[in-house]
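Notes to accompany the following structure.
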Amino acid sequence: MKIWVVRILSIIGTLVAVFGFEFFMRGLVAQDQSLDYIYRLAVLAGLFVTLAVSLNLINGITGQFSIGHASFYMVGAYAGATLTNSLYKIQPLGPETWLFVVALGGAVAAGIAGLIVGLHSLRLKGDYLAIVTLGFGEIIRIIVFNQPFLGGSFGLNIADKNDKSLWAVLLLAILCIAVCRNLCQTPHGLAFLAVREDEVASSAMGVNVTRVKVTAFIVGSAFAGAAGALLGVYDGLITPDTFRMDVSFLILTMVVLGGTGSITGSVIAALLLFSIPEWPRFMVEGGKPWQVTGATLLAGAICLIVSVYLVKRTIDEYHGPQRTKTLRIVGIVGGGIIGTVLLGTVFGLIPVLANRTWDVGALRMVFLAVTLIVLMLIRPQGIFGHEEFGWQKAMKALRFGKPGANPT
Amino acid sequence: MDVLLSPLAGLQMDFGALPQQLVNGILIGSIYALIALGYTMVYGVLRLINFAHGEVFMIGCYAALFTSWAMGFTATGMQAAKPPTSNIVTLLIMLFVSMAVCSLVGVTIERFAYRPMRNQSRIASLITAIGVSLLLQFGGQLFLPPLQQNIQAEVNPFRDTISLTLRQAPASLKQEFKTASLAQKAAEERLAELAPPGALTSELSPEALEVRERLSELTIKSNSLRAQVNDASVFVVIQKGKLIMFAAALVLMIILRHIVLKTATGRAMRAVNHDFQSASLMGVNVNRVITYTFMIGSALAGAGAMMNSTFEGTAITPFAGVALGVKAFVAAVLGGIGNIPGAVLGGILMGVAESLVVWVGLSGYKDAIAFVILIVILLFRPGGLLGSSAVEKV
Amino acid sequence: MIRQLLPAGLCALAISAFMVGCKPAEPTGTTGTGSSTPSTSTSAGTTPATAARTAPEAPGNEITGDTIKIGLVASQNGELRPWGIDTVSGAKLAEEEVNAAGGINGKKIQVMVGDSASNPQDGKNAAQKLIADGAVVVLGEVASGITAQMNEVAYEKGVPLIAIGATRTDLAQKGNFFRVCYTDDFQGPVMAAFAYRELNLRRVAIMTDRSTPYSTGLSDSFRKKFTELGGEIVTEEFYQSKETQFTAQLTNVKGKTPDGIFMSGYFPEVGPMARQIRDIGMKDVKLLGGDGWDSTELTSGGGDAIIGGFFCNHYNNQEPREEVKKFLAAWNKKYATTPGTTMGALGYDATMLAVDAIRRATTPNSKGILEALEATENFMSVSGKITLKGNNGNPPKRALVVEVSRTGQVFRKAYEPGDL
């Protein structure tokens, strides 16, 4: 009985939180129009969280190697757009309720696409499955290019857009997280994990491998599709270029960087990776972006390589107490920063290096790439590994002042 | 349904052009195959999809470009009073530099990005590979020339074409065409007397206009006759340079085959391919084998890069490796990833398939067809054409 | 129990704390789901603009302080970077010139650059950030797809947007949209008329880059006009940007024996394509194209094959006009080269047009600038005269047809807007 009370209370709490947040953001935007940018970032972040967590269900929890998640995102977006364009005018629902319909439509369409791709997972393993999912994305994109009624390369306009849909995006993200988390704690979810760990053994134990795999694909892609539909309705225009292969890779990276199978990891990594290219937009002084000279760049690169090497060695080979280990790492990172400044000053004396400058904005994608490589080198198992970040762990960490995750 | 089927309405099959399209496909396929070999070899020893391989190809393009510049083949150099001339030695130097630079880059990437990840899960190495690929693309953008670059057409000394006639058109038709084209030529000469070449209608005298009007009629006539001759005969036109490209690709593949089958390194590679752990237990220096693998695979990408950018004149940008890289990767999977003859077969098959899709009039779907074929083939042979499917875990 | 209640409880607490602290003024409704109406943006669809445009409702940004902020969205990353950095250079050149001449009424202008990374979503982020930072007018982008996304934001915020190279016709339906380039609806017919009348071509094949709206739109308008004139489009073949091999498509084209080939894509693909056209034996077929060809690297890409090709351009760097000479001299002084693509001049023009409008604006805010832009008449720019008054944002501009030669572009014929 008690569990139901908890459930209902958490649902109510979530709803209050989501609508509160929406209310709060709108209030902010109403006071200061320029915060609309933050609102937009929040929406996109929510969508990426959904995408990452839903791919984690396929990739991390069920262990099916899918690298074409953007295709489901795209199917959902186009389904939602077509649905809105054809039906919104003649139906009685208000713009808010319509969001549910659109999300559902996108989810159904992407779920069907997921079923088609998922059926391949029955016969294909590992990288072969990966390339099929990737190929599916490319095929969908090229088909859209060639269909004038979907707008071709120009994209599809959505006449009745709803750009106040942060709450729907957040609800979707939370729903996605909840479904994945709760799944892992039920016997059904154990079947998923079993398939990941050993397909043959799990089928010997009576797990219906076929059903598990296809379910994972359908559920994962349905969430991605719902996210796509919400993106379309939020943006008012969708173009095939938004769903390029690199978006698939970005989502995959979020999953792996967070730790395959860790939902909290996916969430954190999604927020991190999504935001990194946006940071340089804030690195502006008096309207002028920060300038990076060749000297700083070279010094930074050298110090980064050295400190990554040292950090990695400390993690792998130092077996002293945890506290000293942490201190050492902090020391190395600090040393790296100081070294960059010092070396940068020295290199600044060389005119060739000092005179070549770039806007920090032009380095956005390089930052992303470097972050990826460095994080993977230092923590190959992902930020959270296979583990979840729970409240108990947080309490423990707070109480003892030690990081909770301990890689084995 | 009509909308979806609309592209099919434009279907066309000109069987006279089929041999030409097959040849086109095989030539393109040989480049795919060269790059696919790099993917497949690395996969064979490390079970890693080397996503940075396309970027190694891109660096090979730039290496060839800069070598050609160093030898004087720049835009200004070609307009100089005495422009440099190209011969087979020039091409060999470019080929060598490109292969050497690519091997170096490949080995460096392996040493610093992949080796530290060797004992980690494969998906982690995959993400590192994506990171390296992004770094090379966007980092390259900071330092390389901002505009797209091309290797000067003059670098390729074999620009003339050879024609291979498989079926002659009727002699009468050919004669008719010859007369028509002679008449056309005469009118052209007449026009050239009256006006400078390339003159516009608004710049012509009334007399010249009259001549040109006649010329246009004659051209239409000779063009339609040419079309008839084309339809009635079957022939293949190949640029000599592309034949050389194909021959070079074949030679490189034969050398590779020799290395893999006949040398000690090759045996070690095959051993590592078969079973990484046992090989290292049996005394195979796994690190060295992996270095060699990256070296050879990257060198082949470098050769492909040099030949593609010289003989096809393709644009060289920091993103040049993305499209070709993906296609080559598909080719490798198609043939059975990890399997060397499979990569060659997959590459050629893909080149031919793409040509045939264009041939039937679906050029808009050219890039999709590679994946469609892949999916269809994988449905029947889950391990690719020549590969075997084993259970793997991600 | 605690574990399951905590997340929701904490969130709820945090949110209610925020809400009590801020007391936001919600104008449209009282609850989160609220009764806010969806914004009534007009659909661009694929139909051309005909009716009068709807002006944006939002007030836009005010000019505050002693700098006037102009936002510029350009691709500093990704495959559109060649055009992106030219745009930035052009805009920076204009900024420097205006500020050296004392700015606008004593206020300095400041061009803030946002990176779109050749990606519509990033372009929209960039535009939104620039507007949030106080840009009174937004310039950019080169590609129509990105511009369309940017304009979604700019329209909502009531900020005028001046597109630099987006030639897609249906973009101009929103009342805040202006451009300094001409549209596909003009450029395509110019080339069709030139091919039919001046070059006497009757049978033309088209090569279209299906992955860019620019090329698709240009090919469509070319086909329409050329068939209208009485010519025949023998075939249309497709490719995608970044492709390198066109022999398969060109073999099809060859089988149709055309007099000319219209290549509507961008120069990185056009150059190699021209080489491959000659390589497979189409020796005397005329090559035609749009302004996507304009680049200092066109001849290095196409070699001898592209020499003698014709394309449509906004201006010609050998033109004797005062603006062109002055612009090229200034560019050469600042960057020690010539503009790599036509976008250098268009970026400069867009900035200068914005500056001109800010000068003429009756009120120092986006709305005033928008009205001033709408009233622009005979603004002399590097790329020709720009009149926006009564033209729904699409300036009827002069188009030059130039011929590619080893030494640069040779001017062949000018088309005024009414000529067709």
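Here are some notes:
- Among residues that are of a type in the set (Asp, Glu) and more than 23 Å from the chain's Cα centre (by Cα), B:GLU154 is not included.
- Filtering C:PRO59, C:PRO82 for residues that are touching a Ser or Thr at 6+ places or on another chain (Cβ under 8 Å), at the interface with another protein chain (Cβ under 10 Å from one of its Cβ atoms) and farther than 28 Å from A:LEU363 by Cβ leaves a single hit, C:PRO59.
- Only one entry of C:ALA148, C:ALA132, C:ALA126, C:ALA143 meets the criterion of being surrounded by fewer than 24 Cβ atoms within 10 Å (Cβ to Cβ), within 11 Å of chain A (Cβ to nearest Cβ) and among the hydrophobic types (A, V, I, L, M, F, W, C), and that entry is C:ALA132.
- The listed residue being out of contact with any helix residue (DSSP H, G or I) (no Cβ under 9 Å at 6 or more places or on another chain) and either within 30 Å of C:SER241 (Cα to Cα) or modelled with pLDDT of 50 or more (or both), out of C:ASN77, C:ASN99: C:ASN99
- Residues that are away from chain B (no Cβ under 14 Å) and in contact with a Ser or Thr (Cβ under 9 Å, 6 or more places away or on another chain) within segment A:344-370 comprise A:GLY344, A:PHE347, A:GLY348, A:ALA354, A:ASN355, listed in sequence order.
Okay, residues lined up against (1) within 14 Å of chain C (Cβ to nearest Cβ); (2) at pLDDT below 90; (3) surrounded by 22 or more Cβ atoms within 10 Å (Cβ to Cβ):
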position: A:VAL207; (1), (2), (3): no, yes, no
position: A:PHE217; (1), (2), (3): no, no, yes
position: A:SER221; (1), (2), (3): no, no, yes
position: A:ALA227; (1), (2), (3): yes, no, yes
position: A:GLY232; (1), (2), (3): yes, no, yes
position: A:ASP246; (1), (2), (3): yes, yes, no
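- A Cβ distance below 6 Å, combined with a sequence gap of six or more or placement on separate chains, defines the contacts here; from segment C:258-272, residues that are at the interface with chain B (Cβ under 8 Å from one of its Cβ atoms) and crowded, with 24+ Cβ neighbours inside 10 Å reach residues that are small (Gly, Ala, Ser) and outside any loop (DSSP other than H, G, I, E, B) in the pairs C:PHE267/C:SER295; C:GLY271/C:GLY301; C:GLY271/C:GLY302.
- The single condition among (1) surrounded by 19 or more Cβ atoms within 10 Å (Cβ to Cβ); (2) of a type outside the set (D, E, K, R); (3) out of contact with any Cys (no Cβ under 7 Å at 6 or more places or on another chain) that C:PRO417 does not meet is (1).
- Here is the figure for segment C:174-210: residues that are in contact with a Gly (Cβ under 6 Å, 6 or more places away or on another chain) and among the polar types (S, T, N, Q) total 1.
- Residues located in segment C:130-151, provided they are closer than 18 Å to A:GLU278 by Cβ, assigned to a helix (DSSP H, G or I) and touching a Leu at 6+ places or on another chain (Cβ under 9 Å): C:LEU130, C:ALA132, C:ILE146, C:GLN149, C:MET150
- Answer from A:LEU47, A:LEU28 - the residue that is within 11 Å of another protein chain (Cβ to nearest Cβ) and in contact (Cβ under 8 Å) with a residue 24 or more places away in the chain: A:LEU47
- Number of residues in segment A:304-327 that are farther than 13 Å from A:LEU377 by Cβ and among the acidic types (Asp, Glu): the value is 1.
- If you go through segment C:277-298 and keep only what is assigned to a helix (DSSP H, G or I) and at the interface with another protein chain (Cβ under 7 Å from one of its Cβ atoms), you end up with just C:ASP279.
- Residues that are in contact (Cβ under 8 Å) with a residue 60 or more places away in the chain and in contact with a helix residue (DSSP H, G or I) (Cβ under 8 Å, 6 or more places away or on another chain) number at least 2 in the following strands (runs of 3 or more DSSP E) confined to segment C:349-406: C:399-405.
- Scanning segment B:186-211 for residues that are without any contact (Cβ under 8 Å) to a residue 24 or more places away in the chain and within 11 Å of chain C (Cβ to nearest Cβ) turns up B:PRO197, B:GLY198, B:ALA199, B:LEU200, B:THR201, B:SER202, B:GLU203, B:LEU204, B:LEU209.
- Flag if C:ALA166 is part of a loop (DSSP other than H, G, I, E, B), more than 10 Å from chain A (Cβ to nearest Cβ), buried (at least 24 other Cβ atoms within 10 Å of the Cβ) and touching a helix residue (DSSP H, G or I) at 6+ places or on another chain (Cβ under 7 Å): yes
- Those residues of segment B:350-380 which are buried (at least 24 other Cβ atoms within 10 Å of the Cβ), more than 8 Å from chain A (Cβ to nearest Cβ) and in contact (Cβ under 8 Å) with a residue 40 or more places away in the chain, in sequence order: B:MET350, B:GLY351, B:GLU354, B:SER355, B:VAL358, B:TRP359
- Within the option set B:ILE28, B:ILE127, B:ILE59, being in contact with a helix residue (DSSP H, G or I) (Cβ under 9 Å, 6 or more places away or on another chain), buried (at least 24 other Cβ atoms within 10 Å of the Cβ) and without any contact (Cβ under 8 Å) to a residue 12 or more places away in the chain holds for one residue only, B:ILE127.
- Any chance A:GLY114 is more than 14 Å from chain B (Cβ to nearest Cβ), within 15 Å of A:PHE72 (Cβ to Cβ) and in contact (Cβ under 8 Å) with a residue 40 or more places away in the chain: yes
- When each of B:ALA303, B:ALA279 is tested for being more than 14 Å from chain C (Cβ to nearest Cβ) and within 30 Å of A:ARG244 (Cα to Cα), the lone residue that passes is B:ALA303.
- Test result for A:LEU297, away from chain C (no Cβ under 14 Å) and either outside any helix (DSSP H, G or I) or farther than 23 Å from A:LEU172 by Cα (or both): yes
Table: residues versus (1) among the basic types (Lys, Arg); (2) assigned to a helix (DSSP H, G or I); (3) at pLDDT 85 or above; (4) surrounded by 16 or more Cβ atoms within 10 Å (Cβ to Cβ).
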position	(1), (2), (3), (4)
B:GLU213	no, yes, no, no
B:ASN230	no, yes, no, yes
B:VAL236	no, no, yes, yes
B:LEU256	no, yes, yes, yes
B:SER278	no, yes, yes, no
B:GLY283	no, no, yes, no
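- Residues of segment B:76-91 that turn out to be surrounded by 16 or more Cβ atoms within 10 Å (Cβ to Cβ) and assigned to a helix (DSSP H, G or I), as a count: 4
- Condition met for A:GLY232 (touching a helix residue (DSSP H, G or I) at 6+ places or on another chain (Cβ under 9 Å), more than 30 Å from A:GLU197 (Cα to Cα) and not hydrophobic (A, V, I, L, M, F, W, C)): yes
The values are calculated or read from the model by the stated rules, or taken from the named source; none is laboratory data. As the structure is a prediction and not an experimental result, all values here were calculated from the model. Glycine gets a Cβ as well: all are built from the backbone with ideal geometry, and neighbour counts include every protein chain shown.
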